[in-house]
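Take a look at the structure below.
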């Protein structure tokens, strides 16, 4: 369960995930950003460098779903407020992705939902009926 006095942070694009109510996370949008015809070279480099940084400094969650009666519900990834360097890197990634034509919004919440998985920097939570 999340701690109500913490504020969790998520970076999303203004496009919904097909078949879901939630918006596309920034990492899921990187290929689309890099395929942009007018993407400046600095932005493409920033995307690549930041992606490498995250591969080295952030675990991939072991699972994103909790199943009930054979039906899985996808969880959403949120940064914990203590993940200061990770959040700084995400702001750099946000700038680069936006230069490639994709708007990125920063979401915050005190209650991301039921926690499915977590480590020291992030958590994955089932949002329930909330739309983020």
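Set the Förster radius R0 to 22 Å, insert the Cβ-Cβ distance between residue 32 and residue 85 as r into 1/(1 + (r/R0)^6), and round the FRET efficiency to 0.05.
Calculated value: 0.30.
Along its principal axes, what span do the Cα atoms of region 28-132 show, with the longest given first and each in whole Å?
Each principal axis gives a Cα extent; for region 28-132 these are 47, 27, 23 Å.
Laboratory data are not the source of any read-out in this text; all were calculated from the coordinates shown. All of these numbers come straight from a predicted model, not from anything done at the bench. A quick note on method: Cβ atoms are made from the backbone with ideal geometry, for glycine too, and the neighbour counts reach across all protein chains shown.
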